[in-house]
Amino acid sequence: MPGRTWKLCLLLLLGLGLGSQEALPPPCESEIYCHGELLHQVQMAKLYQDDKQFVDMPLSIAPEQVLQTFTELSRDHNHSIPREQLQAFVQEHFQAKGQELQPWTPADWKDSPQFLQKISDAKLRVWAGQLHQLWKKLGKKMKPEVLSHPERFSLIYSEHPFIVPGGRFVEFYYCYGHVPNGGRVYYLQRSQPPLLTLMMDCYLTHTNDTTFLQENIETLALELDFWTKNRTVSVSLEGKNYLLNRYYVPYGGPRPESYSKDAELADTLPEGDREALWAELKAGAESGWDFSSRWLIGGPNPNSLSGIRTSKLVPVDLNAFLCQAEELMSKFYSRLGNDSQATKYRTLRAQRLAALNAVLWDEETGAWFDYDLENKKKNQEFYPSNLTPLWAGCFSDPGVADKALKYLEDSRILTYQYGIPTSLQKTGQQWDSPNAWAPLQDLVIRGLAKAPLPRAQEVAFQLAQNWIRTNFDVYSQKSAMYEKYDISNGGQPGGGGEYEVQEGFGWTNGVVLMLLDRYGDRLTSGAQLAFLEPHCLAATLLPSLLFSLLSR
């Protein structure tokens, strides 16, 4: 049994803890990639600008040999190896990041997909073609060594090729009982938000491949079971109990990919509070919003990441994703002729919808809000995620779209020219102002676009136009797509958070291409027009709405 795991088990058996906090298990058993002295010394020496680089590097020889050599070297230097010798050790025993992958082009990739012809603006059409080429750059498959010597890699083997996001994220996102935060051993205990069922729905819409659904329906059920068993929380409100879900990762130690930052942050806290901090940081990573004022507000220190409390909140977006997944699972099982399972998921969806309405919906404001389990109240700050149920179709009031539009107006979100801000808080975290992220634009744009109101549909188009111009302008200057954008001054690559802004970038490319496909006959690459103040919104929308109606 690996050394630290044995010690943790002994502590638990003796009823001891680390200070006042019970010891938590490490993210995985690897004493190289997940916990242990080797990981600690290398990451705290900061040999690389980004901690993720080291834990993504394959081993040159068996891990037992690497650990033995390291143990001897560490003992010779009283467990504090000088930086130069540590660097030499890593260079001798590890390979460069990315060596386990090779290029791959999807077999059905076409040089000029049909949707390009729908784009009226010539500059946007050329740009879309360039973005389409990026899928080849982001396409990867694993080398055979990852299968024959899995112990030498943090990457989890997959026989199937895949698309990586880009930049520092050179791994797949794949089902392992749930969809891990990434396809590496140190990510296994935290999930991605539950969107696998939606992916299946998108695939079925384009292929009508019922056989594939039949073969994989149990995998989809496994993911939803994971959230039910591991991430459910009960909320008591006005004498009723409602079951909802939260992000929650009860595993200890610093995140391996951000080890030095987590360790240094923990040094600001009493020793007994450090395991809880590390678990909350992992929960924040599981949310996808790593990190944001969303997870800090309501705690004793809302201005510092040391006060993160992700698991103490019931998030709107997570529960909307699950509500949508339950509806889709009911539809899938009906399609496959399994009425009992279809009924099961239909009932789960109805229960969640009632919980969303009772716990998260705010009639006065016209939006849903994260619920603070400790303070027993909603967090009424603005985040685009507050409108996720509109995007997911998880509401029963037909007037919700109109209320959501008014919420955007009242929050002055429609005055932003270059994209929808992630929050109105400036904390320096990357999931806060002034950054804007492609998935959040999608949530609001498609949520409004689904509404029967022409006014909501036109606002959706204008938001799409703003985002397209921001991405196009930055691409024109930088010849790159980015994971996030700073929308405070004309649109620039984003910043803040734990690492430099990343190029690539899967979801940015995907949302742009989706918007160009949807609105290509109307979008333009020309000068950007600001939204007017909300009370002038109707006057702003009228000419374009008339044009839209006349051109149908």
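Just the number please: accessible area per residue for region 15-125, 1.4 Å probe, all protein chains included, in Å². Let's see the in-between values first.
Numbers: 5960 Å² over 111 residues.
About 54 Å² of surface per residue is accessible.
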Exercise for review: May I have the extent of the alpha carbons of region 332-483 along their three principal axes, as whole Å values ordered from largest to smallest?
Suggested key: 56, 41, 31
Review point. Just from the alpha-carbon atoms, what are the Rg and Dmax of the chain in angstroms?
Key: 24.3, 81
Study note, to complete from the structure: One can check that the equivalent ellipsoid of region 176-254, built from the alpha-carbon gyration tensor with semi-axes equal to the square roots of five times its eigenvalues, has lengths in Å, largest first, of 27, 20, 9
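Rounded, prolate or oblate, given the Cα gyration tensor of region 291-352, with a/c below 1.5 counting as rounded?
On the way: a/c = 5.64, a/b = 4.12, b/c = 1.37.
Prolate, because a/c is 1.5 or more and a/b exceeds b/c.
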Check your understanding: How would you order 281-294, 246-259, 418-431 from highest to lowest mean count of nearby Cβ atoms within 10 Å?
Key -> 281-294, 246-259, 418-431
Exercise for review: Counting other Cβ atoms within 10 Å, keep those with at most 15, restrict to DSSP loop, and tell me which trypsin sites (Lys or Arg not before Pro) in region 88-147 are left.
Suggested key: 110
Exercise for review: Would you work out which of 263, 197, 180 lies farthest towards the positive end of the dipole of region 150-269? Charges go on Cβ: Lys and Arg +1, Asp and Glu -1.
Suggested key: 263
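Tell me the relative contact order for the chain as a rounded percent, counting alpha carbon contacts under 8 Å between residues six or more apart. Don't skip to the end; give the middle numbers.
Details: 910 pairs, mean separation 73.4, N = 552.
Averaging sequence separation for qualifying contacts and normalising by length gives 13 percent for the chain.
What number, rounded to the nearest 500 deg cm²/dmol, is the helix-based mean residue ellipticity at 222 nm of the chain, given -39500 (n - 2.57) per DSSP H run of at least four residues and division by all its residues? Can you show the working numbers first?
Values: 19 runs with 243 residues, N = 552.
That calculation yields -14000 deg cm²/dmol at 222 nm.
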Review point. When the convex hull of the Cα atoms of region 362-440 is projected onto a plane and the area is averaged over all directions, what value comes out in nm²?
Key: 6.0
Revision key, fill the gap. Which residues qualify? For residue 484, with a placed amide H closer than 5 Å and at least 5 residues away or on another chain, they are 494, 502
Exercise for review: Give me the percent of the accessible area of the chain that comes from carbon and sulfur atoms, probe 1.4 Å, all protein chains in place.
Suggested key: 52
Review point. Once you put a point 7 Å from the Cα of residue 141 and another 7 Å from the Cα of residue 488, both along the Cβ direction, what distance in nm separates them?
Key: 4.6
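Excluding ligands, DNA and RNA, what is the solvent-accessible area per residue of region 346-452 at a probe of 1.4 Å, expressed in Å²? Before the final figure, lay out the partial values.
On the way: 3920 Å² over 107 residues.
I get 37 Å² per residue for region 346-452.
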Review point. How big is D, in µm² s⁻¹, for region 309-397 by Stokes-Einstein at 20 °C and 1.002 mPa s if Rh is the Kirkwood radius over C-alpha pairs?
Key: 157
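Is there a pair in 140/484; 378/478; 376/426; 229/378; 312/484 whose C-alpha atoms are over 32 Å apart, and which pairs would that be?
Values: 140/484 23 Å; 378/478 41 Å; 376/426 25 Å; 229/378 25 Å; 312/484 27 Å.
Going by Cα-Cα distance, 378/478 fall outside the 32 Å limit.
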Point to revise | Radius of gyration and maximum dimension Dmax of region 69-157, Cα, Å | key: 22.4, 69
Practice item. Using the Kirkwood radius over Cα pairs, work out the Stokes-Einstein diffusion coefficient for region 159-313 at 20 °C and 1.002 mPa s, in µm²/s as a whole number. Key: 123
Exercise for review: Using only alpha carbons, build the gyration tensor for region 140-206 and give me the equivalent ellipsoid semi-axes, biggest first, whole Å.
Suggested key: 22, 14, 11
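Would you mind getting the accessible area per residue of region 257-308, heavy atoms of the protein chains only, 1.4 Å probe, in Å²?
Values: 1640 Å² over 52 residues.
Per-residue accessible area for region 257-308 comes out at 32 Å².
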Check your understanding: Helix 210-230 versus the longest principal axis of the chain: what is the Cα-based angle in degrees, 0 to 90, to the nearest 10?
Key -> 70
**Study point:** residue 334-residue 149 FRET efficiency (beta carbon distance; Förster radius 56 Å; 0.05 resolution)
**Key:** 0.80
Exercise for review: Enter the angle in degrees (range 0 to 90, nearest 10) between the Cα long axis of helix 316-335 and the first principal axis of the Cα atoms of the chain, meaning the one along which they spread out most.
Suggested key: 80
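The values are calculated or read from the model by the stated rules, or taken from the named source; none is laboratory data. Computed from a prediction, not measured in an experiment: that's the story for all the values here. Glycine gets a Cβ as well: all are built from the backbone with ideal geometry, and neighbour counts include every protein chain shown. Heads up: the accessible areas ignore ligands, DNA and RNA and are worked out on the full protein's heavy atoms, side chains in. Shrake-Rupley method; radii C 1.70, N 1.55, O 1.52, S 1.80 Å.
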